[in-house]
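Encoded as structure tokens, the structure appears first; notes follow it.
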Amino acid sequence: SLTKKCLVLDLDNTLWGGILGEDGFEGIRLGPTPPGNAYMEFQRRLAALFERGVILAINSSNNSGDCLRVLREHPYMVLKENNFAAIKINWENKVKNMIEIAREINIGLDSIVFLDDDKRMRKVVKSALPEVECPELPEDHSMYPSFLESLKGFDTLQITAEDKARGRQYAEERKR
């Protein structure tokens, strides 16, 4: 079975370009042309992992209402609210959010990989929760899609039907 089960994602400069709180709904970089296309492609590849049974979750310091609007209404968001098994969008400590995500989804911290563009935040999470894998994202956002391909732990050769259903199961559990 999968060694890593869950990808926990930041939002600003991770799932889209720019900072929603500053750039606004219209201003974030996400769409078919550069620089927004790299984020769209990144999301497409995350969606493909979701289809293979990888659990997705969000851990973001942000205004929840604004971000949910992007998830629900942005024409170029590939990932929607129902792709995520847990959504923590708040001004809480990301470490506390991470512990809650693991508890909610009922997985070990050691099966989580955290993707956040902020080097400082990766350090904070890594030092508080050494079991959580916090890979170094490329400085160049256009490298995000190929970076995802290089992540180990999600690339099991034998994906069972159960694995395939997993991501969706967890996301539906959250809706309930």
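The values are calculated or read from the model by the stated rules, or taken from the named source; none is laboratory data. From a predicted model like this one, the values you see are computed outputs, not experimental measurements. Backbone-built Cβ (ideal geometry, glycine too); neighbour counts: all protein chains shown. These accessible areas exclude ligands, DNA and RNA; they are computed on the full protein's heavy atoms, side chains included. Shrake-Rupley method; radii C 1.70, N 1.55, O 1.52, S 1.80 Å.
Can you list residue pairs whose Cβ atoms sit under 6 Å apart, with the first residue in segment 79-90 being touching a residue at least 24 places away in the same chain (Cβ under 8 Å) and the second being of a type in the set (Ser, Thr, Tyr) and open to solvent by 40 Å² or more (accessible area, probe 1.4 Å)? Count only pairs 6 or more apart in sequence or on different chains.
Once the first residue is touching a residue at least 24 places away in the same chain (Cβ under 8 Å) and sits in segment 79-90, its partners that are of a type in the set (Ser, Thr, Tyr) and open to solvent by 40 Å² or more (accessible area, probe 1.4 Å) give 85/170; 89/64.
Name the one entry in 131, 104, 172 that is among the acidic types (Asp, Glu), modelled with pLDDT of 80 or more, farther than 20 Å from residue 40 by Cα and part of a loop (DSSP other than H, G, I, E, B). Spell out how you get there, then give the answer.
Numbers: 104 fails: part of a loop (DSSP other than H, G, I, E, B); 172 fails: part of a loop (DSSP other than H, G, I, E, B).
It is 131.
Could you tell me which numbered condition residue 93 fails, if it satisfies all but one of (1) farther than 25 Å from residue 27 by Cα; (2) open to solvent by less than 70 Å² (accessible area, probe 1.4 Å); (3) polar (S, T, N, Q)?
Status for residue 93: all satisfied but (2).
Which count do you get for residues in segment 31-83 that are open to solvent by 10 Å² or more (accessible area, probe 1.4 Å), over 19 Å from residue 167 (Cα atoms) and hydrophobic (A, V, I, L, M, F, W, C)?
Residues flagged as open to solvent by 10 Å² or more (accessible area, probe 1.4 Å), over 19 Å from residue 167 (Cα atoms) and hydrophobic (A, V, I, L, M, F, W, C) within segment 31-83 amount to 3.
Picking from 52, 69, 29, which residue would you name as being farther than 17 Å from residue 146 by Cα, of a type in the set (D, E, K, R) and modelled with pLDDT under 95?
52
In this structure, does residue 46 turn out to be under 12 Å from the mean Cα position of the chain (by Cα) and part of a strand (DSSP E or B)?
Numbers: under 12 Å from the mean Cα position of the chain (by Cα): yes; part of a strand (DSSP E or B): no.
In short, no.
Condition test on residue 3, is it at pLDDT below 95 and surrounded by fewer than 18 Cβ atoms within 10 Å (Cβ to Cβ)?
For residue 3, the condition - at pLDDT below 95 and surrounded by fewer than 18 Cβ atoms within 10 Å (Cβ to Cβ) - is met.
In segment 96-123, which residues are surrounded by fewer than 16 Cβ atoms within 10 Å (Cβ to Cβ) and either in contact (Cβ under 8 Å) with a residue 40 or more places away in the chain or hydrophobic (A, V, I, L, M, F, W, C) (or both)?
Selection gives 99 alone.
Could you go through segment 72-90 and let me know if any residue there is within 19 Å of residue 153 (Cβ to Cβ), touching a Lys or Arg at 6+ places or on another chain (Cβ under 8 Å) and of a type in the set (Val, Ile, Thr).
no
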